[in-house]
Amino acid sequence: MCGIIGYIGNREAKPILLRGLESVLYRGYDSAGLSIRDEKNKTTHYYRSPGKLENLKKKLDPLSIGGTVGIAHTRWATHGIPSEENAHPHRDCHGKIHVVHNGVIENHAELKKQLIAEGHRFFGQTDTEIIPHLLEEEKKQNPTMNTRECLRRILSKMEGAFAIVVMDADGPDSLFLARKESPLLFSYNNEQNEFLISSDPGTFYLYPDIAQKVVAMPPETLVALGGGKIEITDFESKPQSPISVPMNETEEFAQKQGFPHFMAKEIFEQPKALRDTLSGRMISDIAGVKLGGLEQQKESILSKEKIFLIGCGTSFHASLVGKFLFEEFADMEAHAEIASLFRYRKLPLHPKRDLALFISQSGETADTLGCVTELKNKNILCLGLINRVGSTIARECGVGIYQRIGPEIGVASTKAFTAQIANLALLTLFFGQSKNMSLSDRTLFINTLNSLPDIIEKTINILDPQIKKLAEDYSKFTNFLFLGRKYNYPTAMEGALKLKEISYIHAEAYESGEMKHGPLAMITDQFPTFFLCPNDSVYAKNISNMQEIKARSGPVVAIATVGDTQVDTIADQVLYLPPIYEPLSPILYSIPLQLFAYYMAVLKGYNPDLPRNLAKSVTVQ
């Protein structure tokens, strides 16, 4: 993985490919490359560079590169170190077949061994390199067979998930696409005979003239583009229908708009994101909600007694908040599940009783998508809570809630997390209004959700300079503990994740009651603790835990409620937040932790938008 771009048309491919690569950089990468077929001069231009995209651009800037067909890729290493040899595209022995690929070929070692025995030469360690050689060997064994058919034949030999684009000198005005699980899309302009290919739907906003129609490849399909034709078949050569993808975001949303980083922009635009995600969904006069994406299955959804909330990383943390909400207010048994664990568990599932909600900002998270497939095969009703319109999980579920918060570019999720919790609150109301949730509780939910954007807007501007100074004071520490109880245990988990993923500082999160079961042994005057301590139902117990840390000389940063006079006598630093209804407090209490992680990363000289080794959209398992 991580980003695929392709182009066929009548313009020079080089600037289109490079601009396309820029649109997928936010997903994370460690090298980049491109191949362009110049049919006029019967040559294929081929360049790769490790590191930043600028390294590739420096190679290309002085060169005049013709050609109107090409493929490009940003790589995020899964097999083999970041290097020029492992960067995509990869070629066959004669340099005629060029391939870019996202995913993992699980049996690549076995296939590589066979190809070496047949005389093929390899220069890197990546699994992708076997693909052009497999295709070359297939063409050698079947000299009368065209590229598309040879590609179809080798697909059955490769195990795992993949999205592949092939450029072959024997088919100079065509590109061949194959997809198994990993996402791949293309767009076209029939009048101009132009095609644009990407693994990320955001690319198509750059070229609306080419993206007059955007198509998502169905699972296990093969596509041939070129010569004014589109051929879509499955791996058995049976024709398949294209899946049109709606496009409703704009390129302008994906600009920094004066902020130094996307992460800062996305933290500060959370009031707007919450207004957008809540707009038109709450009915204040009856303290209820209307969720249009659930209407077609409303009766079936409301008949369920148990819900599984499934996600990875930040989305899993949101699912934990959702679990508490459903259990307390929707009269439902609820289970928060990590997708990479859940898909391999043997659970007694009942279609009449059980419901699954899949939470993913991108809608492409591989492990989450794998769970969708597993549960659909067991006839479990599947809902999606997704940000990206038209993404694979959204299409596979068919029913669900879109977050409507615009693209989130920073790798570390911020506005998507708070919007996920807001939508889980709406879903709780959706169930609660038809079950036993009291009118007073529903009213508190509605009133709090309505007021949160304004509360956050005021709070974030007050806290920003305080947290920047706090980061300066605590930047010398190399370990942090994050503690919270009940609703704010997931908030603590999210705070620890944010700090470690963008500032590379070791951080752990525990439920406060678990502190005495191990973590307390780590506390010294060099091991600070962030304590989430709102004035809520577990306040007294949090105070007791905080005192235990201070008794071991541990520095404490507390996040507490305005007007609290007790916390200030214990903690070394206190950040005060306005009073808030306890079940929705994670939305507000996560924001200081986001800002702290952001400023810690900046102070250490790291780019918080592109943390090392991480990808925004995790499309491999």
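Observations on the structure shown:
- Taken over region 115-138, the residue count meeting the criterion of being free of Cβ contacts under 8 Å to residues at least 12 places away in the same chain and surrounded by 14 or more Cβ atoms within 10 Å (Cβ to Cβ) is 1.
- Residue in region 93-105 that is among the basic types (Lys, Arg) and part of a strand (DSSP E or B) present: no
- None of ILE587, ILE591 is buried (at least 20 other Cβ atoms within 10 Å of the Cβ), more than 23 Å from TYR474 (Cβ to Cβ) and under 34 Å from the mean Cα position of the chain (by Cα) except ILE587.
- Considered as a group, the residues in region 72-92 that are outside any loop (DSSP other than H, G, I, E, B) and modelled with pLDDT of 90 or more include one that is farthest from ILE5 (Cα to Cα), and that residue is ARG91.
- One residue stands out in region 150-164 among those that are in contact (Cβ under 8 Å) with a residue 60 or more places away in the chain and not in a loop (DSSP other than H, G, I, E, B): the one that is farthest from GLY226 (Cα to Cα), namely ALA161.
- Among the residues of region 403-418, the ones that are over 14 Å from the mean Cα position of the chain (by Cα) and modelled with pLDDT of 95 or more come to 1 in all.
- Test: VAL538 is assigned by TED's automatic domain parsing to the domain that holds ILE467, under 19 Å from THR478 (Cβ atoms) and aliphatic (A, V, I, L, M): no
Each row is one residue, and each column tells you yes or no for (1) more than 25 Å from LYS306 (Cβ to Cβ); (2) of a type in the set (Ser, Thr, Tyr); (3) touching a residue at least 60 places away in the same chain (Cβ under 8 Å); (4) assigned by TED's automatic domain parsing to the domain that holds SER23.
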| position | (1), (2), (3), (4) |
| --- | --- |
| ILE393 | no, no, no, no |
| GLU396 | no, no, no, no |
| ILE409 | yes, no, yes, no |
| THR414 | yes, yes, yes, no |
| THR418 | yes, yes, yes, no |
| ASN423 | no, no, yes, no |
| LEU427 | no, no, yes, no |
| GLY432 | no, no, yes, no |
| ILE446 | yes, no, yes, no |
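- Looking only at residues in region 303-323 that are part of a loop (DSSP other than H, G, I, E, B) and touching a strand residue (DSSP E or B) at 6+ places or on another chain (Cβ under 7 Å), the one that is surrounded by the most Cβ atoms within 10 Å (Cβ to Cβ) is CYS312.
- On inspection, PHE326 passes the criterion of being under 16 Å from SER434 (Cα atoms) and either surrounded by 19 or more Cβ atoms within 10 Å (Cβ to Cβ) or in contact (Cβ under 8 Å) with a residue 60 or more places away in the chain (or both).
- Flag for ALA356 being out of contact with any Ser or Thr (no Cβ under 8 Å at 6 or more places or on another chain), over 22 Å from ARG275 (Cα atoms) and crowded, with 24+ Cβ neighbours inside 10 Å: yes
- Of all residues in region 169-202, those satisfying the criterion of being surrounded by 21 or more Cβ atoms within 10 Å (Cβ to Cβ), of a type in the set (S, T, N, Q) and part of a loop (DSSP other than H, G, I, E, B) are SER182, SER199.
- Of the residues examined, LYS112 is one that is at pLDDT below 95, more than 19 Å from PRO172 (Cα to Cα) and surrounded by fewer than 24 Cβ atoms within 10 Å (Cβ to Cβ).
- Test: residue in region 525-536 that is under 27 Å from LEU444 (Cβ atoms) and hydroxyl-bearing (Ser, Thr, Tyr): no
- Residue selected from region 203-221 under the condition farther than 17 Å from GLN240 by Cα and among the β-branched types (Val, Ile, Thr), by the criterion surrounded by the most Cβ atoms within 10 Å (Cβ to Cβ): THR203
- Members of region 24-47 that are crowded, with 22+ Cβ neighbours inside 10 Å and under 30 Å from GLN361 (Cβ atoms): VAL24, TYR26, ARG27, GLY28, TYR29, SER31, ALA32, GLY33, LEU34
- Residues of region 491-521 that are surrounded by fewer than 24 Cβ atoms within 10 Å (Cβ to Cβ) and of a type in the set (D, E, K, R): LYS500, GLU501, GLU508, GLU511, GLU514, LYS516.
- Filtering region 521-580 to residues that are charged (D, E, K, R), free of Cβ contacts under 8 Å to residues at least 40 places away in the same chain and over 20 Å from LEU470 (Cβ atoms) leaves GLU548, ARG552.
- Selection from region 90-109 of residues that are under 22 Å from LEU175 (Cα atoms) and within 24 Å of the chain's Cα centre (by Cα): VAL100, HIS101, ASN102, GLY103, VAL104, ILE105
- If the condition is being of a type in the set (Gly, Ala, Ser) and free of Cβ contacts under 8 Å to residues at least 24 places away in the same chain, then region 64-113 contributes SER64, ALA109.
- Residues in region 424-453 that are surrounded by fewer than 22 Cβ atoms within 10 Å (Cβ to Cβ), of a type in the set (Ser, Thr, Tyr) and within 19 Å of ILE587 (Cα to Cα): THR443, THR448, SER451.
- Filter pass, GLY66 being part of a loop (DSSP other than H, G, I, E, B) and over 23 Å from PHE122 (Cβ atoms): yes
- Per-region count, region 381-405, residues assigned to a loop (DSSP other than H, G, I, E, B) and either surrounded by fewer than 22 Cβ atoms within 10 Å (Cβ to Cβ) or in contact with a Lys or Arg (Cβ under 7 Å, 6 or more places away or on another chain) (or both): 6
- Checklist (1) on the phi > 0 side of the Ramachandran plot; (2) touching a Gly at 6+ places or on another chain (Cβ under 7 Å) applied to LYS42, failing item: (2)
- Looking across region 467-490, the residues that are exposed (fewer than 15 other Cβ atoms within 10 Å of the Cβ) and in a helix (DSSP H, G or I) come down to LYS469, GLU472, ASP473.
- Only one of GLY28, GLY6 that is touching a Leu at 6+ places or on another chain (Cβ under 9 Å), at pLDDT 95 or above and of a type in the set (Gly, Ala, Ser): GLY6
The values are calculated or read from the model by the stated rules, or taken from the named source; none is laboratory data. This is a predicted model, so every value here is computed, not measured. Quick reminder, even Gly has a Cβ in these numbers, built from the backbone with ideal geometry, and neighbours come from all protein chains shown.
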